[in-house]
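Note sheet for the following structure.
Read-outs throughout are calculated quantities, based only on the coordinates presented, and are distinct from any laboratory measurement. Since the structure is predicted, the reported quantities are computational estimates derived from the model, not experimental observations. Neighbour counts run over all protein chains shown; Cβ positions are idealised from the backbone, glycine included.
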Amino acid sequence: MELSLIVPIYNVEEFLRECLDSLYKIKGIEKEIILVNDGTKDNSMAIIREYEAKYPEITVVVDKPNGGLSSARNAGLKIAKGEYVSFIDSDDFIDVELFEKFYHEGVKDKLDIIIGNAIYYKDGVVGNELFRSPAVKEGKIMAGLEFLDLSFEKPKCFREEVWDDIYRREFLLENNLFFYEGLIHEDSLFTPLAYIKAKKVRFIDAPFYFYRQRVGGIMSK
């Protein structure tokens, strides 16, 4: 198994199909898509079952009581089988072609973390790319600590979100890198710890991830 895509799901029936349609269109990568129902109260579970029935050979469903985003990601990570792991939020979606290129470019170097980029998306309108420091746009392989240092070279250049990165699964497990449960903005803790531990990272400026800005999301509240 090359890649595990972990999708925590909680009350996102309005956006879930768009997210899943983009993930199931990925080609040329041996993948599993882990759908974690985190105690959703809307129609999301029915949508999960729909995709499970349609794609049974590559779909893994986890049905658990609500525990929050960190808990859902951890549940997926604990059963993942892929050499690499991607965390996708269920109200977002990806550019399939860019994601495939990003993945294949990154895995050839056996990186601990393949660092990508994202685009703001709101009300059907595509916005700007999330900004990163020009110092890290060279695409060279470096230690995670060096990358972290360069990310703080200029104000507002450090990006903490995990969904535009791909992680080598054994690297996460060997370093006990799970998400702290019960913490809002869990990436604020996870990402620096991961960079500090990583021996090989590389930034590839492929804005494959569409980050949806919406009322009711964690960031808006």
Selection from GLY182, SER4, ALA198 lying farthest towards where the dipole of the chain points positive, charges on Cβ
ALA198
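If packing is taken as the mean number of other Cβ atoms within 10 Å per residue, what is the order of 194-201, 6-13, highest first? Provide the component values of the computation, followed by the final result.
Numbers: 194-201: 19.4, 6-13: 22.5.
Taking the mean over residues of other Cβ atoms within 10 Å, the ranking is 6-13, 194-201.
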Ranked by how many other beta carbons lie within 10 Å on average, peptides 16-24, 109-117, 58-66 from highest:
109-117, 16-24, 58-66
Can you give the helix-only mean residue ellipticity at 222 nm for the chain, where every DSSP H stretch with n ≥ 4 adds -39500 (n - 2.57) and the sum goes over all residues, rounded to the nearest 500 deg cm²/dmol?
-9000 deg cm²/dmol
Between the residues ALA53, VAL162, ASN43, the Cα farthest towards the positive end of the dipole of the chain, that dipole coming from +1 and -1 charges on the beta-carbon of Lys, Arg, Asp and Glu, is from VAL162
Which lysines does LYS199 reach when only Cα atoms under 21 Å apart count, and residues fewer than 8 places away in its own chain are ignored?
LYS108, LYS110, LYS137, LYS140
Read-out semi-axes √(5λ) of the Cα gyration tensor in Å, candidates [x] 44, 23, 16; [y] 36, 21, 14; [z] 26, 19, 17; calculated match is [z]
List the trypsin sites (Lys or Arg not before Pro) in the stretch 19-74 that DSSP assigns to loop (not H, G, I, E or B) and whose Cβ has at most 10 other Cβ atoms within 10 Å. Which are they?
LYS27, LYS41
